[in-house]
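Beneath this line is the structure, given in structure tokens, with notes to follow.
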Amino acid sequence: MKSEEWETANLTDFLLTPRFSLLTPPMLHCGNFRLPLHRPLIMGIVNVTPDSFSDGGRFVSPSAAIEQACRLVEEGADLLDVGGESSRPGALPVSVEEELRRVLPVVEALRNGNVPVSVDTCKTEVMRAVIGAGAAMINDIDALQGNGALAAVADSNVAVCLMHKQGSAQTMQLTPGYRDVVAEVAAFLAARMAAADAAGIGRERITVDPGFGFGKTLEHNVELLRRLDRFRALGVPVLAGLSRKSMLGLLAGIERAEARVHASVAAAILAVQKGAKIIRVHDVKATREALQIVDAIEGNHD
Ligand code: 8Y7
């Protein structure tokens, strides 16, 4: 082994070795909600965008998104993730005003419901506004690296998802490159956890996500899912978003995103078996039924 490689291996071991046992908190603090983590949670995706790759803008209007959200809760979603800006590779950014026009009515309609509402955004102004409107979680594909984003979450009691991505939405799929994808993604997430911690965001509010498909080749995505259990050692719940993604389409030969339901359910089961605690999905009913079987056979029976 070259010395450079040896150093990377040691750093990875350090970052991924639990320094305390039972490190992962048993509950996620998510606004006024406390979500128990002994069973995996299903996060239902609610897109309020005209250009979402997987459902082709069927839920553009806030009222359609609210209906969709209620349906997902009936199907068994434990939390909802409302997004007003597409993160699809090559997608164009939307203004703060337009994003708020899309997501605020949805947050307001759902704020008094039985499940916490997460908002998928990387804009600090949007974070502050939706937190004020009752959102319980911020799902930031930029891992709170934007100006003022750490403070916006620190000044509240909401949960956050820190996700890894390489490059911007415009460029991320052009030339993804890593020496060791698992080590590099884990090191990034550990650094963002430290930044969140320093800003005053408690561990009980943090989740991490390797960001499947965000600046990764098929091989990188496969490696991340195969070794997802390594991220458990970061000591906070791992969130995984695999639903209908192109890696599944490539692996199973399924062109249409909407036709990737069975492949997505298989990926969700694998992710859960490798320790993921929150699964972000379009197809809540199918995922819940599958995970109920896994839980009945493999769940904790103490
Ligand atoms: C993810 C995500 C998307 C993901 C987290 C899609 C917003 C693309 N993917 N957020 N967002 N993790 N945390 O296919 O994997 O849904 S958008």
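The values are calculated or read from the model by the stated rules, or taken from the named source; none is laboratory data. Note that the structure is predicted; figures quoted are calculated from it, not measured. Cβ placement follows ideal geometry from the backbone for every residue including glycine, while neighbour counts extend to all protein chains displayed. Just the protein is used for accessible areas: all its heavy atoms, side chains included, with ligands, DNA and RNA removed. Shrake-Rupley method; radii C 1.70, N 1.55, O 1.52, S 1.80 Å.
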Rounded to 5, percent antiparallel among DSSP beta bridges of the chain
10
Run the simple label-point estimate for Asn147 and Arg101 please: 7 Å along Cα→C-beta, distance reported in nm.
2.4
Report the accessible area of Ser63, computed with a 1.4 Å probe over the heavy atoms of all protein chains in place, in Å² rounded to the nearest 10.
80
Subtracting the Cα-Cα distance from 0.36 nm times the residue separation, let me have the gained length for Arg71 to Glu125 in nm, one decimal.
16.6 nm
For the stretch 135-205 and the stretch 241-272, what is the separation of their C-alpha centers, rounded to whole Å?
24
Sorted on mean Cβ neighbours within 10 Å (highest first), peptides 188-194, 134-140 come out as 134-140, 188-194
Describe numerically, in nm with one decimal, the distance between label points set 7 Å from Cα along Cα→Cβ at Glu298 and at Gln273.
0.5
Global form of the chain, assessed from the alpha-carbon gyration tensor, a/c cut-off 1.5
rounded
Take every Cα pair under 8 Å in the chain that's 6+ residues apart, average their separations, divide by the length, and report that relative contact order as a whole percent.
20
With a 1.4 Å probe and all protein chains left in place, how much of the accessible area of the stretch 116-163 comes from carbon and sulfur atoms, in whole percent?
46
With a Förster radius of 35 Å, plug the Cβ-Cβ distance of Ala199 and Glu255 into 1/(1 + (r/R0)^6) and report the FRET value to the nearest 0.05.
0.25
Highest mean first, how do 96-108, 247-259, 74-86 rank when packing is the count of other Cβ atoms within 10 Å averaged over residues?
74-86, 96-108, 247-259
Over the chain, average the accessible area per residue using a 1.4 Å probe and give it in Å², no decimals.
45
Rounded if a/c is under 1.5, else prolate if a/b is larger than b/c, else oblate: which is the stretch 202-302, with a ≥ b ≥ c the root eigenvalues of its Cα gyration tensor?
oblate
Carbon + sulfur, % of accessible area of the stretch 175-223 - ligands and nucleic acids excluded, 1.4 Å:
53
Let's test the formula: R0 of 30 Å, r as the Cβ-Cβ distance of Asp155 and Asn114. What FRET efficiency results, to the nearest 0.05?
0.70
